[in-house]
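Have a look at the structure below before the remarks.
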Amino acid sequence: MDKKIYTRQELYDLVWNQPLTKIAVKFNIELHTLKDICAENKIPLPTRGYWSKVRFHKKVIKPTLQKIESENPKINLDPTQQHKKFRTDYHKRAFELEQNKNLKFKVPKRITNYHPIVRNTKKLLDKIDDSKGKIQFWEASRESDILPIHTDKILRPRALRFMDIFIQILEAMGHKITFEYSRCHVEMFGQKTEINLRQKQFRIRDKDERGWSRESWEKSDKLQFQTGPSFNKKIWIDNTKRNIEECLPEIIAWIEKDCKYWHDLRAEQAIAENKRLLKEQKLEALKKAEELEQAKVNQLFIDAENWNKAQVAEHYISAMEKQAALKNEINSNTEDYISWAKEVIKNLNPLSDSNWSEQ
C-alpha cells in the first residue's frame, strides 16, 4: 500500500523526483489539488520544461526547500480526504483552531459557573443598572477591572456567555486578558490588543418640523465584537448567515495574527536598535581612541619643546653661575635667582631627574 502521509521534506523530494502528473495518477488526486497542497505548504515546484531538460541531461535549477514558521509534519495525499483551500494564512489558522479538540468554541445556551472575570463584570454591570444613571461605565472601569460589554439587559446574558468562552479559549492557549487605563486587552506574545463587545446600533437620519436634518441611534438585537485600535480595527457583527459565536475561531486567529505581527516587528526593531547602539559604541570608542592618540601626539610635541627650552635655560644658568663665580659676584640675590631658575628648569624638563648639587 502506497504511503499517504508525507512531511514537507518528503513531499518536496517526491515532486522533484517525478512529474506531478504521475504523482497525481499514483494517488488518484486532481493535479490542481496537488499543486494547491504544495502551494499551501510553500513547497516549490518544477517549472515548465524541467523534465525535458532532465531527460536530455541539460542544466536545471532546483530551488531549496525554505523553512517556514509552522512546519506541518503531516501532509495527507489521500484522495478521500478533503483538501481545503484557504484565502489567507489567517483563515487557515482559524480552521486549524476550530479543528483543535482541546479548544471548546461552542458557546452554551446557559452557564452556571462563570469565569471570575466574567462573574465580577456581571456584578458591576448590575450595579451600574441599579444606580439608575448615577454610576457610568467609564467610572466603574476606572476603579475595577470590568469587561467592555456595552449592551442592554436583553442581550447581556448572551454577551456574558460569549466572553466567558472567549476567555477560557485564550487561557487554554496560554494567553490572558489584561486591564490597563480603563481598557480591556488580549495579551499574546507580550503584545496587547484592545477588545470591545457592544450592541450594534443603527443611525437614523430624518428631518424635524422645520426641515432641519437630524440623526438618532436605534439599538438592534445584534452583537458586535471589535478588536484593535480605531485606526486599525476589525469588527464581527451578527448577520443572517452566522452570529459572532460562530466567528470565535476567526476572532482568535485575527488577534493572534495581529499580536504576532507586532511581536515580530518589535523584535526586529529591538535587533536594529541593538545594532545601532553597538555601532554607536564602536564609533564612540574609536573616537575616544583617536582623541587619546591625538592627545598623546600633542603631549609629545609639548614635552619635546619643553625639553628643548629646559636645555637652553640649563646652559644659560650654568654659564651665568660660572661667570658670577669668576667675577666673585655671587651674593644672596644671585644665589636665590639661580636656585629659583634651576627649580623652574627642573619642572619644565619632562626628562628631568637632575641633581644640581652634583654639577
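If the segment from LYS309 to LYS74 were pulled out straight at 0.36 nm per residue, it would be longer than the present Cα-Cα gap by 75.8 nm. Taking 7 Å steps out from each Cα toward its Cβ at ASP221 and LYS192 produces label points 3.8 nm apart.
The 3J(HN,Hα) values that the Karplus relation (6.51, -1.76, 1.60; θ = phi - 60°) gives for the range 26-31 are, in residue order, 4, 9, 6, 10, 5, 4 Hz. Gly and Pro appear as x. The chymotrypsin sites (Phe, Trp or Tyr not before Pro) found in the range 177-220 that occupy coil by DSSP, while having at most 13 further C-beta atoms within 10 Å, are TYR181, TRP212.
For mean projected area of the Cα convex hull in nm², the value calculated from this model appears in (i) 26.9; (ii) 48.7; (iii) 17.2 under label (ii). GNM remark for the chain: springs join alpha carbons under 10 Å apart, and the peak mean-square fluctuation among PHE166, PHE27, PHE105 falls on PHE27. Basic side chains Lys and Arg get +1 at the Cβ, acidic Asp and Glu get -1 at the Cβ, and with that the dipole of the range 172-234 about its Cα centre reaches some 120 debye. If only the Cβ of Lys and Arg carry +1 and only the Cβ of Asp and Glu carry -1, the dipole of the chain around its Cα centre is close to 3580 debye. Taking other C-beta atoms within 10 Å as the exposure proxy, ASP258, ASP303, ASP145, ASP206 rank ASP206, ASP303, ASP145, ASP258 from fewest upward. Separation of the range 120-177 and the range 248-308 by C-alpha centroid, Å? The two parts, judged by their Cα centres, are 46 Å apart. Principal-axis analysis of the Cα atoms of the chain puts helix 248-326 at an angle of about 0° to the longest axis. The residues ARG242, ARG161, when put in order of fewest to most other Cβ atoms within 10 Å, stand as ARG242, ARG161.
Ranking of ILE255, ILE195 by neighbouring Cβ atoms within 10 Å, starting from the fewest: ILE195, ILE255. Helix 156-172 versus the longest principal axis of the chain: what is the Cα-based angle in degrees, 0 to 90, to the nearest 10? Rounded to the nearest ten degrees, it is 50. Along the range 126-137 the Karplus relation, 6.51 cos²θ - 1.76 cosθ + 1.60 evaluated at θ = phi - 60°, assigns HN-Hα couplings of 5, 5, 5, 5, 5, 6, 6, x, 6, 10, 9, 4 Hz to successive residues, with x for each Gly and Pro.
Net charge dipole, the range 272-359: roughly 500 debye, given to the nearest 20, about the Cα centre with Cβ charges of +1 for Lys and Arg and -1 for Asp and Glu.
On the basis of the beta-carbon distance and an R0 of 25 Å, SER182 and ASP89 show a calculated FRET efficiency of 0.15. Computed from Cα positions, the angle between helix 89-99 and the longest principal axis of the chain comes to roughly 60 degrees.
Before anything else, pin down the relative contact order of the range 288-358: Cα pairs under 8 Å, at least 6 apart, normalised by residue count, whole percent. Across the range 288-358, relative contact order equals 44 percent.
Using the Cβ-Cβ distance between GLN323 and GLN281 with R0 = 51 Å, the FRET efficiency computed as 1/(1 + (r/R0)^6) comes to roughly 0.25. Of the residues GLU187, GLU329, GLU218, the one that moves most in a GNM of the chain with alpha-carbon contacts below 10 Å is GLU329.
Note on the chain: GNM, Cα springs under 10 Å; of VAL107, VAL297, VAL186, the largest mean-square fluctuation is that of VAL297. Taking every C-alpha pair closer than 8 Å and separated by at least 6 residues, the mean separation divided by the residue count of the chain gives a relative contact order of 11 percent.
No lab work stands behind these numbers, since they all come straight from the coordinates. Keep in mind that what you see is a predicted model, and the values were worked out from it rather than measured. In this analysis, Cβ positions are derived from the backbone assuming ideal geometry, glycine residues included, and neighbour counts consider all displayed protein chains.
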